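The structure under discussion appears below in the form of structure tokens.
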Amino acid sequence: MTETLSAPAPLGSPPAHEVLLDVRDMKTHFKVLDGIVPAVDGVSFSLGRGQTLGIVGESGSGKSVTALTIMRLLDIPPAVIGAESEVWFDGREILHMPLDSMRRIRGKDMAMIFQEPLTSLNPVLSIGEQIGEQVRLHLKVSRHEARDRSIESLRSVGIPSPEARIKQFPHEMSGGMRQRVMIAMALSCEPKLLIADEPTTALDVTIQAQILELLKVIQQRTGSALLLITHDLGVVAEMVDHVVVMYAGQVVEQGTANEVMLEPKAPYTMGLLESIPTAEKRGGRLSVIKGVVPSPFHLPPACRFEPRCPYAWDLCHEVAPELYPVVGSGSGRRARCHLHQAAGESRRVAALELHADAMRVGRGLKEDPA
């Protein structure tokens with residue numbers, strides 16, 4: 001990534017001390033041969049110290065690019081970061097700081113667990129060398145001290161015989177073991193923020209449960225904040241305090257986990273929850289969100305979910321919705337839908353009733369019970 005963003009805009013004021021991460025109007029576009037891809041378009045959210053925030057959405061919604069932009073791990077070009085974008089971490093704005101300063105933060109104060117550990121770990125270096133390199137760089141300790149800390153990091157994530165494991169290479173370990181190594185590496189310098197980008201991808205159900213439980217235990221022990229990126233709503237319900245739902249590069253709903261999971265207000269979130277099979281829907285037709293995520297080169301002119309939305313009307317095709325405050329909810333509860341302005345009040349009531357019915361019995365009874 002280049003040293004700093006080009007033509008940085010005047011920065012806003014720092015967030016309150018209890019806010020560890022504050023993302024403001026973040027835009028990340030990619031210039032490619034076919035045009036410009038708005039991968040992240042005006043995303044804003046905050047994460048308090050010691051809290052857990054989940055970012056959920058379909059593949060291609062911009063979740064991982066959001067994390068990589070925060071970590072400043074994108075190449076510029078082809079990535080283009082909006083000049084007015086701001087990311088405040090621990091009282092400092094990090095998108096506009098020199099890259100050398102960012103390198104001192106990345107890996108030490110904030111760390112990331114990537115989706116696929118086999119492609120993230122260096123295949124020609126032993127596990128001990130890879131963890132030890134980070135420890136020596138950020139903590140300025142000797143090789144012997146770095147080795148001891150690497151062993152302790154592996155032991156803390158439940159890897160047996162860590163003294164022997166540090167001599168092994170990534171290909172000599174199972175998928176679950178490699179993911180534990182990635183977690184150990186991320187935690188080796190005791191970061192204040194841990195970003196986990198779909199940490200259970202490609203793992204079987206038993207190992208997934210172990211990794212998620214491990215993240216919970218580590219967070220409770222260290223007091224670090226956790227930014228969890230996933231498409232698994234079950235993981236969101238179990239793990240996080242607050243939820244940000246993304247679709248086509250935008251935030252479409254945000255609030256506490258209980259608010260979003262129990263009383264969704266955006267049609268996209270409603271569709272995600274309705275698609276989960278439950279015992280109450282037995283004998284009914286499973287709900288689906290019709291269509292696919294739109295191509296980033298041919299986004300709808302106004303609301304990006306309008307072509308797939310069962311509650312869309314003329315306004316949705318003409319005017320892009322804002323992230324409206326949800327009436328009667330907490331100050332952080334918002335939904336990007338025209339149902340939450342005065343013109344959509346009657347439609348909102350009807351939509352919520354249809355959603356409640358769909359959660360109970362699905363979208364319709366089977367025509368042929370045989």
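The values are calculated or read from the model by the stated rules, or taken from the named source; none is laboratory data. Note that the structure is a prediction, hence the values are computed from the model and not measured. Cβ sites come from the backbone with ideal geometry, for glycine too, and all protein chains shown count toward neighbours. Keep in mind that these areas ignore ligands, DNA and RNA; they rest on the heavy atoms of the full protein, side chains included. Shrake-Rupley method; radii C 1.70, N 1.55, O 1.52, S 1.80 Å.
Only one of these conditions is not met by residue 47: (1) under 14 Å from residue 242 (Cβ atoms); (2) open to solvent by 30 Å² or more (accessible area, probe 1.4 Å); (3) modelled with pLDDT of 90 or more; (4) not polar (S, T, N, Q). Which number is it?
With respect to (1) under 14 Å from residue 242 (Cβ atoms); (2) open to solvent by 30 Å² or more (accessible area, probe 1.4 Å); (3) modelled with pLDDT of 90 or more; (4) not polar (S, T, N, Q), residue 47 is out only on (2).
So which residues in the range 283-312 are touching a strand residue (DSSP E or B) at 6+ places or on another chain (Cβ under 9 Å), crowded, with 18+ Cβ neighbours inside 10 Å and not hydrophobic (A, V, I, L, M, F, W, C)?
Passing the criteria: 296, 304.
In the range 98-118, which residues are in contact with a helix residue (DSSP H, G or I) (Cβ under 9 Å, 6 or more places away or on another chain) and polar (S, T, N, Q)?
Across the range 98-118, the qualifying residue is only 115.
Being more than 25 Å from the chain's Cα centre (by Cα) and either closer than 12 Å to residue 265 by Cβ or crowded, with 19+ Cβ neighbours inside 10 Å (or both) is the filter here; which residues of the range 313-337 pass it? Talk me through it step by step, then tell me what you get.
Initial filter on the range 313-337 (more than 25 Å from the chain's Cα centre (by Cα)): 313-319, 327-328.
Once the filter is applied, which keeps residues that are more than 25 Å from the chain's Cα centre (by Cα) and either closer than 12 Å to residue 265 by Cβ or crowded, with 19+ Cβ neighbours inside 10 Å (or both), the range 313-337 yields 316, 327, 328.
Looking at the range 134-164 only, could you name the residues that are touching a helix residue (DSSP H, G or I) at 6+ places or on another chain (Cβ under 6 Å) and outside any helix (DSSP H, G or I)?
157, 159
For a quick check of your reading: which strands (runs of 3 or more DSSP E) sit entirely within the range 60-125 and have at least 1 residues that are open to solvent by 10 Å² or more (accessible area, probe 1.4 Å), in contact (Cβ under 8 Å) with a residue 12 or more places away in the chain and among the charged types (D, E, K, R)?
Values: elements: 79-81, 86-89, 110-113.
Hits in the range 60-125: 86-89.
In this structure, does residue 254 turn out to be part of a strand (DSSP E or B) and either under 27 Å from residue 109 (Cβ atoms) or not aliphatic (A, V, I, L, M) (or both)?
Spelling it out, residue 254 is indeed part of a strand (DSSP E or B) and either under 27 Å from residue 109 (Cβ atoms) or not aliphatic (A, V, I, L, M) (or both).
Restricting attention to the range 176-207, report how many residues are at negative phi, part of a loop (DSSP other than H, G, I, E, B) and surrounded by fewer than 21 Cβ atoms within 10 Å (Cβ to Cβ). Give the derivation first.
Narrowing the range 176-207 to residues at negative phi: 176-189, 191-197, 199-201, 203-207.
Subset that is part of a loop (DSSP other than H, G, I, E, B): 188-189, 191-192, 199-201, 203-204.
Filter once more, keeping what is surrounded by fewer than 21 Cβ atoms within 10 Å (Cβ to Cβ): 189, 192, 201, 203-204.
Residues flagged as at negative phi, part of a loop (DSSP other than H, G, I, E, B) and surrounded by fewer than 21 Cβ atoms within 10 Å (Cβ to Cβ) within the range 176-207 amount to 5.
Quickly run through the range 166-202 and pick out the residues that are touching a Gly at 6+ places or on another chain (Cβ under 8 Å), over 21 Å from residue 222 (Cβ atoms) and among the charged types (D, E, K, R).
Passing the criteria: only 167.
Just the residues that are more than 29 Å from the chain's Cα centre (by Cα) and among the hydroxyl-bearing types (Ser, Thr, Tyr), please, taken from the range 122-157.
Once the filter is applied, which keeps residues that are more than 29 Å from the chain's Cα centre (by Cα) and among the hydroxyl-bearing types (Ser, Thr, Tyr), the range 122-157 yields 126, 142.
Which numbered condition trips up residue 359, out of (1) modelled with pLDDT of 90 or more; (2) not in a loop (DSSP other than H, G, I, E, B)?
(1)
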